[in-house]
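Asker: My structure is below; once you've seen it, I'll send some questions.
The values are calculated or read from the model by the stated rules, or taken from the named source; none is laboratory data. The structure presented is a predicted model; accordingly, all values stated were derived computationally and were not measured. Glycine also receives a Cβ, built like all others from the backbone with ideal geometry; neighbour counts cover every protein chain displayed. Remember, those area values only see protein heavy atoms, side chains included, never the ligands or the DNA or RNA. Shrake-Rupley method; radii C 1.70, N 1.55, O 1.52, S 1.80 Å.
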Amino acid sequence: MYSEITAAKPSIRTPARHLSSAASFYLLASVTVSFLAGSSAPTPLYPLYQRMWGFSPVMLTVVFGVYALAVLAALLIAGRLSDHLGRRPVLIVAAIAQALVMLLFATAESVTGLLVARIIQGVTTGAAIGAVGAAMIDLDKRRGTVANAVAPPFGTALGALLGGIFVQYLPGPTHLLYAVLAAVFIAQGLGLRFMKESVSAQPGVLASLKPRLNLPRATREPLLLAVPILLAVWSLAGFYGSLGPMLIRGLMNSGSPVLGGLALFVLAASAGISVLLLQERTPRQMMMVGAVSLLAGVALTVFALSHSAAVLFFPGTAVAGVGFGAGFQGAVRTVIPSAAPHERAGTLSIIFIICYLAMGVPAVAAGSMLAQHVNIIATAEYFSAVVMALAAAAFLGAMRRIYGVEATPSAGCAE
């Protein structure tokens, strides 16, 4: 009986007519964009929720951080599910679940409702993120690897900007924004029904749900090289995503929701653009460019914050965003090519576990500093020092690796 269950094929059957490979690829990329947009869209709404429900900055970072922890839990439990069940059924269920999560956001009446929505959103995103990334690589290994680095920052940027626009210019933003996103998720769920499955079902469905960090041996050394830059870029994204509006308010003395979302938009958009412009570089070159850009960009933003120079803050954020995009793509391209096709979703899940830990935990720590009456500018300066230290470690690691490869041509990870 058990073997029958584990070897079962997905119950959602592919229609007789299905999407072309190109159409399927763009649909999958749009799923990544919309899922990440859904996660960042509430950022400009946080000040509005604070005024409505009167919760503290610490609770604000908890609302943000609990999403990251929920993603982490889902990655641990369901990160390898699509390697066994198939990409398509996992993504269809996740899209439907995301539409239902938008309903929870729209009907939330307290910070408790917001927390519940964020937790379930994190679970559905965590279940899908490895599957959609692996599916794109299944269809086109090169373009899929690039899309895995481009789509998340563009989705994050889009969500932050849309959230700000809805809050500032449109009626009922706490309802209308989520209704629009729900419609997008429903449309994507329908589209996914016409996508051809990219992998065959594998036995071990139930066993795959047991939390296990099973990193393929071939990917271990490349991942060790990538960890510092992953920690640096995603902790910075977490800070902007949770406390960006408060930072803008402290720097510019402005409560504009669009400006509040603009900081995260600039960071994420410049990250996506850098991936497109630098995709011909080797993975190690990408990580080195990412580390140097992160050092320069964060240093410029710290200078801007210390001297109340708002005119320098956004250029510094844009340079740091280049570091985010280049560093993240370099890390993904360093690790994923070393994984076999049936190991890709699990390997991507481990990468995202590292990313979401880096995004969630430091953000909550920053909120705790604010609770201890450390002002937002000083908190940002402490946070930036940690990010710069990690970026420096990533740069030195990449340099050492390059010289090691030159000394021993047979050494090194897959490019």
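Asker: Got at least one residue in region 329-336 being in contact with a Cys (Cβ under 8 Å, 6 or more places away or on another chain), surrounded by fewer than 20 Cβ atoms within 10 Å (Cβ to Cβ) and at pLDDT below 90?
Answerer: Scanning region 329-336, I find no residue that is in contact with a Cys (Cβ under 8 Å, 6 or more places away or on another chain), surrounded by fewer than 20 Cβ atoms within 10 Å (Cβ to Cβ) and at pLDDT below 90, so the answer is no.
Asker: Ok, one more. Going through Thr112, Thr156 one at a time, which residue ends up being open to solvent by less than 50 Å² (accessible area, probe 1.4 Å) and under 26 Å from Ser235 (Cα atoms)?
Answerer: The conditions single out Thr156.
Asker: Would you check if Phe313 is more than 16 Å from Arg143 (Cα to Cα) and open to solvent by less than 10 Å² (accessible area, probe 1.4 Å)?
Answerer: Yes.
Asker: Quick one: in region 15-62, of everything that is aromatic (Phe, Trp, Tyr) and touching a residue at least 40 places away in the same chain (Cβ under 8 Å), which residue is most open to solvent (accessible area, probe 1.4 Å)?
Answerer: Trp53
Asker: Going by the structure shown, is Gly191 crowded, with 24+ Cβ neighbours inside 10 Å and assigned to a helix (DSSP H, G or I)?
Answerer: No.
Asker: Just to be sure, is Leu176 of a type outside the set (D, E, K, R), assigned to a helix (DSSP H, G or I), under 16 Å from Leu91 (Cα atoms) and free of Cβ contacts under 8 Å to residues at least 24 places away in the same chain?
Answerer: When the stated conditions are applied, Leu176 does not pass them.
Asker: Out of region 128-153, which residues are open to solvent by 30 Å² or more (accessible area, probe 1.4 Å) and in contact (Cβ under 8 Å) with a residue 24 or more places away in the chain?
Answerer: Asp138, Leu139, Asp140, Lys141, Arg143
Asker: Taking interchain pairs and intrachain pairs at least six residues apart, which have beta carbon atoms under 8 angstrom, with the first residue in region 393-405 and among the charged types (D, E, K, R) and the second modelled with pLDDT of 75 or more?
Answerer: Note: pairs meeting the criteria are Arg401/Leu225; Arg401/Arg284.
Asker: State whether one or more residues within region 300-307 are over 17 Å from Val386 (Cβ atoms) and outside any helix (DSSP H, G or I).
Answerer: yes
Asker: Take the residues of region 345-359 that are modelled with pLDDT of 80 or more and either small (Gly, Ala, Ser) or open to solvent by 10 Å² or more (accessible area, probe 1.4 Å) (or both): which is farthest from the chain's Cα centre (by Cα)?
Answerer: If we take residues in region 345-359 being modelled with pLDDT of 80 or more and either small (Gly, Ala, Ser) or open to solvent by 10 Å² or more (accessible area, probe 1.4 Å) (or both), then Ile350 is farthest from the chain's Cα centre (by Cα).
Asker: Taking Phe324 as the residue in question, decide whether it is part of a helix (DSSP H, G or I) and open to solvent by 20 Å² or more (accessible area, probe 1.4 Å).
Answerer: No: the conditions fail for Phe324.
Asker: Looking at (1) assigned to a helix (DSSP H, G or I); (2) out of contact with any helix residue (DSSP H, G or I) (no Cβ under 7 Å at 6 or more places or on another chain); (3) not aliphatic (A, V, I, L, M), find the lone condition where Gly126 falls short.
Answerer: (2)
Asker: In region 241-288, what count of residues is obtained for those that are open to solvent by less than 10 Å² (accessible area, probe 1.4 Å), within 26 Å of Ala365 (Cα to Cα) and under 15 Å from the mean Cα position of the chain (by Cα)?
Answerer: 6
Asker: If we keep just the residues of region 367-389 that are more than 20 Å from Ala268 (Cα to Cα) and open to solvent by less than 10 Å² (accessible area, probe 1.4 Å), which is modelled with the lowest pLDDT?
Answerer: Of everything passing the filter in region 367-389, Gly367 is modelled with the lowest pLDDT.
Asker: Here's a follow-up. Determine which member of the set Ile119, Ile77, Ile129, Ile137 is over 19 Å from Ala23 (Cβ atoms) and in contact with a Ser or Thr (Cβ under 8 Å, 6 or more places away or on another chain).
Answerer: Ile129
Asker: What residue, of Gln168, Gln202, is of a type in the set (S, T, N, Q) and modelled with pLDDT of 85 or more?
Answerer: Gln168
Asker: Given the condition of a type in the set (Gly, Ala, Ser), assigned to a helix (DSSP H, G or I) and modelled with pLDDT of 85 or more, answer yes or no: does some residue in region 79-96 qualify?
Answerer: Yes, region 79-96 contains a residue that is of a type in the set (Gly, Ala, Ser), assigned to a helix (DSSP H, G or I) and modelled with pLDDT of 85 or more.
Asker: A further question on this structure: Could you tell me which of the residues Val167, Val132 is among the aliphatic types (A, V, I, L, M) and under 13 Å from the mean Cα position of the chain (by Cα)?
Answerer: Val132
Asker: Run down Ala318, Ala340 and say which single residue is within 25 Å of Leu85 (Cα to Cα), open to solvent by 10 Å² or more (accessible area, probe 1.4 Å) and in contact (Cβ under 8 Å) with a residue 24 or more places away in the chain.
Answerer: From the options Ala318, Ala340, the qualifying one is Ala340.
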